[in-house]
1. Determine the sum of side-chain charges near Val193: Lys and Arg each +1, Asp and Glu each -1, restricted to other residues whose C-beta is under 15 angstrom from that of Val193.
2. For the range 444-623, go through all pairs of different Cα atoms, get the mean of 1/r, take its inverse, and jot down that Kirkwood value in Å.
3. Let me check I've understood the local charge: for Leu599, count other residues with C-beta under 13 angstrom from its C-beta, Lys and Arg +1, Asp and Glu -1. What total comes out?
4. If the limit is 22 Å between Cα atoms, which of Lys520/Lys607; Lys462/Lys549; Lys303/Lys571; Lys63/Lys176; Lys79/Lys303; Lys63/Lys155 go over it?
5. Using a Förster distance of 45 angstrom, determine the FRET efficiency expected from the C-beta separation of Lys601 and Ser112, and round it to 0.05.
6. Could you compute the net charge surrounding Leu46? Neighbours are other residues with a C-beta less than 12 Å from the C-beta of Leu46; K and R count +1, D and E count -1.
7. For the peptides 453-463, 205-215, 295-305, what is the packing order when you average, over each peptide's residues, the other Cβ atoms within 10 Å and list the highest mean first?
8. Can you tell me the order of 401-409, 324-332 when each peptide is scored by its average per-residue count of other Cβ atoms within 10 angstrom, highest first?
Amino acid sequence: MLLNPVISKLSGKLVVLASASSRRLEILTNAGLRFEVVPSWFKETLDKSLFKTPYEYAVETAKQKALEVAQRMPCKHLKTPDIVIGADTIVTVDGLILEKPTDKQDAYNMLSRLSGKEHSVFTGVAIVLCHDKNGSDTKNPDYKVIDFYEETKVKFAELSEEMLWEYINSGEPMDKAGGYGIQALGGMLVEYVRGDFLNVVGFPLNHFCKQLGLIFNSPSECPAHKIKWEDSRESDESWTLVNNLSKCAANGEVDLQEISNSKDVSQTSMQEQKMIGPDCAKCGRQDVPHSIMDLLDGFKASKVTLFTATKLKVFDVLSCSEGLTLEEVAGQINASVLGTERILDAAVSIGILERVKQQDDTNVYRNTEQASRFLVSDSPQSLHGYILHCNDTVWPLFSHLESAVREGTSQHERNFGKKNEDVFQDEYYSKEVKIRFMNAMHNIATMTGKDVATAFDLSPYKTACDIGGCTGAMAYEFTKAHPGLSVIVFDLPQVIEMRCHFQPKQDNDRVLFVAGDFFKDDLPKADLYILARILHDWSDEKLHILLSKLSKISMPGCGLLVSEIFLDEEKKRPSRALLQALSMTEGKQRSTTEYSDLLKKHGFTPKLIKYTDNLLDAMLFVKEDQNDKRTVLACSSESIETAALD
Ligand code: SAM
């Protein structure tokens, strides 16, 4: 197998796909690659006339996309990735580059140009290898870029006007280069394909694996290899992510000429590069603990830039103007100028605020786009409530982590003097604490609701029940996405009582609220049950009570939608889920297989999985008909195949 040895070399590395394309995600997921998706913000506006060939344009766009993500992640205090993959697919015909159509007319122009002709599909790919240079400046790592392109020839049949418009009206052309998707309806327009089919879908998997092989595998396979330093700063320390690369260079099998001709190449020759072990892939120096220092400072970064600045309403006061001076901010948040300067400058250094020099030489502070969108308390996608919950509840829990680990508990009692960690089950929790918890849930449900609600075709279902549906934020998204669906929000009486704090303006008679305890009371009848962020909170034993009840009232064909953070099968990622587990009492994070096993025991068969690129993913289960012997055989990223056993 070409793939497996390469893929295993990547295990333990943070691999990032700088693309929001679900097609690329699917190709790489199916190949067994474990990666995170961080869509690039690079605007595809390079001047095409500056490129001698179309593929140079695609390669450059891919490179810029990947570099934008590679540079943004450490600046936004995210972990520096090890590898970022960027890709850009274009279609060329008659000397023109066709990207995604802007509207139906544009799609028509593109498709009629392709009709009856052979055209080329180019995908430019960039693999950016990131390296925290000397550990001294983790926000300025060095980058090496390996780029390549793949060309596939595609011939379209003659397309009648009727066919063209039927295809355009299907909506499929709109987000696809050249205005067609070969993997779906667009496949019917194609007479033949010469070359890599997946390249037309959006990612040349075969060529990509060969390139990975060159980077990570045998030196004897190492031909001319295009590696560039993307850092114009002079470097007297060189590095290599690849054990064998220096061997390749010594064998003369790396195109050193090309490297030394490159305008932004390091002055250090390849022969001088250090051999480093795979565990040190991230850094050239083994005597400086870069990653450990990142971890050490991580808590300061979140306490300063998120928790404290949110509590002091820094983002809110900055949202009311084009920029405020230090003294103005200090005045508005009622804090000392010195302390305010420290917190603002720290937030600027982390990239969550901006400091801009005015014409009169004074500095003003402003929210970045991210801060305006996610940190200002009244923005539609605000995480304000969730951040306050993290500061006031989660932070104290993490302060007693030693005892939590020793005792295997969440330390709720030690911190808050309450036995029960569920704020609604303990009458001693104040109203303020309850509202804060609901606010936090509301933020995340608002942020993820649409993606979860639209993850699957739910048109067969008419009534849903959102078990533990809290403020109803998720339920409202389900009714918005599915006009034929009514949703009952089922939650504890104390939660239902306080729902009016959250949905006062929403007048939607398709969302109903029912109070009850899902362990003790009867559950409402529905043909779809939603369990969003419920299962991870409880042990298998406790869930047995809830799932047995659900199983009993569900008719064959009844749906069950689970939305959680799914652990990968090796339980290595996402760390967000594993870190969250430390403040849980009896619950646990689970992989899709574990959720499937759990639900199968109660007669629910896994049907579909959707990785949303948002904070929560989703799985759809269907209640089995006990007389039907069909069973699940295999599971891919988006679909689970079923086959008759007998
Ligand atoms: N599903 C919501 C979401 O995704 O935003 C909220 C998830 S929150 C982690 C868990 C919810 O379960 C809370 O609203 C809580 O009140 C509710 N809950 C906990 N125990 C419950 C019980 N025994 N019966 C009903 N609801 C319960």
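1. Numbers: positive: Lys117, Lys153, Lys155, Arg194; negative: Glu118, Glu150, Glu151, Glu191, Asp196.
Spelling it out: positives minus negatives among the neighbours equals -1.
2. Values: mean 1/r = 0.0612 Å⁻¹.
For the range 444-623, inverting the mean 1/r across all distinct Cα pairs yields 16.3 Å.
3. Numbers: positive: Arg590, Lys600, Lys601, Lys607, Lys623; negative: Asp540, Glu564, Glu594, Asp597, Glu624.
Net charge around Leu599: 0.
4. On the way: Lys520/Lys607 29 Å; Lys462/Lys549 20 Å; Lys303/Lys571 27 Å; Lys63/Lys176 19 Å; Lys79/Lys303 17 Å; Lys63/Lys155 28 Å.
With Cα atoms farther than 22 Å apart: Lys520/Lys607; Lys303/Lys571; Lys63/Lys155.
5. Details: r = 55 Å, r/R0 = 1.23.
The value I calculate is 0.20.
6. Values: positive: Lys43, Lys48, Lys63, Lys65; negative: Glu44, Asp47, Glu56, Glu60, Asp88, Glu99.
Combined, the nearby Lys, Arg, Asp and Glu give -2.
7. 205-215, 453-463, 295-305
8. Values: 401-409: 12.2, 324-332: 17.0.
Ranking, from highest mean packing down: 324-332, 401-409.
Only the coordinates and a few stated rules stand behind these numbers; no lab work does. Values in this document were obtained by computation on a predicted structure and should not be read as measured data. A quick note on method: Cβ atoms are made from the backbone with ideal geometry, for glycine too, and the neighbour counts reach across all protein chains shown.
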